[in-house]
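Before any comments, here is the structure.
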Amino acid sequence: MNSSFSDLHFLAANASLALIEEAFLAPKPGLVDRRSSGSHSDMDLTLMERSAQCLEPFFLEMAKVSWGREVDAVLREEIGLIGREAEAQMLSVTGGVNTHKGAIWSLGLCSSVLASHQMNTSKRRFFQDIAKLASTEDRKASSQKPTHGQTVKQLHGLTGAKEEAQGGFPHIVYASLPMLHHSRKRGCSEESARINSLLALTASLNDTCVAYRGGLEALRGLQKKSREFLQAGGLESKDGERILEELDTWSRARRVSPGGAADLLATTLFIDKFSSIRIN
């Protein structure tokens, strides 16, 4: 493996950093942030930060095994094994709380594909290879009890994190990244741009975390209110700020939290860090 030590560590550190940045971002509806635990009784900011930090060595290992490699079934199985080890470590650190399972999946895929191209690829090829890797069967994965996302898929016919990645992260490509860049061009603060990016996700994503806790009614309500926020001009408008406060109250009252969107926002922030560096 002829890899750059600094590149590998830079990649892994930024994967962990993206999770921390997402956690600290405020105000977020129903999610843990630097103000409160949102709709969660089992998570707080300190726990989220510890979880993010414990995952960095696993993102590093995924990058190492992927460096300069072809995206194929063998690589899929290798990073799958590392991902399961990362999940076990996360649960150990958090006392059994699922803080970042979805993010291990999405950021793990991104770390692997970016390393496979030795940190230099086109956005089109990057997302194509994400879809290819996510769609490749992991023959070494053992059968486990259904996840919340799988349960929701069976109940309501919704797609989840697996299908999002298999499609090449369409909600990142067409919603969160464009909104992030558009908000910056409008002169929004970085925090406002990131909040707008999150709400661009909740406006359209079928977030299985929300559907699992609140059913389809809660999911559609979250999407509707998120669209109202965006139509009002986002966080740096008075109406947008008011709607976001209402959405947070609404989310807490229903004990729903858009964890799927939060994972995709962290992934968006990670990809954005490289879009100005080596994803050309």
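No value in this document is a laboratory result; all are computed from the given coordinates. Source: prediction; values computed, not measured. Methodologically, a virtual Cβ is constructed for each residue, glycine included, from the backbone with ideal geometry; neighbour enumeration extends over all protein chains shown.
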Rg to Rh ratio, the stretch 130-232, alpha-carbon atoms and Kirkwood radius?
-> 1.05
Please state the Cα pair-distance histogram of the chain with 5 angstrom bins from zero: what percent is in each bin?
-> 1, 6, 13, 18, 20, 18, 13, 8, 3, 1, 0
Given the C-alpha centroids of the stretch 193-270 and the stretch 74-153, what is the distance between them in whole angstrom?
-> 24 Å
Put in order of increasing Cβ neighbours within 10 Å, starting from the fewest, Leu205, Leu177 give Leu177, Leu205
Reduced Cα scattering model of the stretch 6-164, Debye log10 I(q)/I(0), q = 0.18 Å⁻¹ = -1.19
Violating pairs (Cα-Cα greater than 30 angstrom) within the set Lys64/Lys132; Lys28/Lys153; Lys153/Lys185; Lys140/Lys225 | Lys153/Lys185; Lys140/Lys225
The stretch 7-102: relative contact order as a whole-number percent, Cα under 8 Å and 6+ apart | 26 percent
Taking K and R as +1 and D and E as -1, what net charge do the other residues with C-beta under 13 Å from the C-beta of Val256 add up to?
-> +4
When ranked by the protection proxy of mean other Cβ atoms within 10 Å per residue, highest first, what sequence do the peptides 129-137, 260-268 form?
-> 260-268, 129-137
Net charge near Phe24: determine it from the other residues with C-beta under 9 Å of the C-beta of Phe24, scoring Lys and Arg +1 and Asp and Glu -1.
-> -3
Note the full-extension length gain between Val74 and Lys185 as 0.36 nm times their separation in residues minus their Cα-Cα distance, in nm to one decimal.
-> 35.8 nm
Using a 10 Å cut-off on Cβ atoms, rank the peptides 150-156, 194-200 from the highest mean neighbour count down.
-> 194-200, 150-156
Which of rounded, prolate, oblate describes the stretch 164-280, given a ≥ b ≥ c as roots of the alpha-carbon gyration tensor eigenvalues and a/c under 1.5 marking rounded, otherwise prolate only if a/b is larger than b/c?
-> oblate
Cα convex hull of the stretch 212-280 - mean projected area over all directions, nm² = 5.7 nm²
Sorting Tyr174, Tyr212 on the 10 Å Cβ count, fewest up front, what's the list?
-> Tyr174, Tyr212
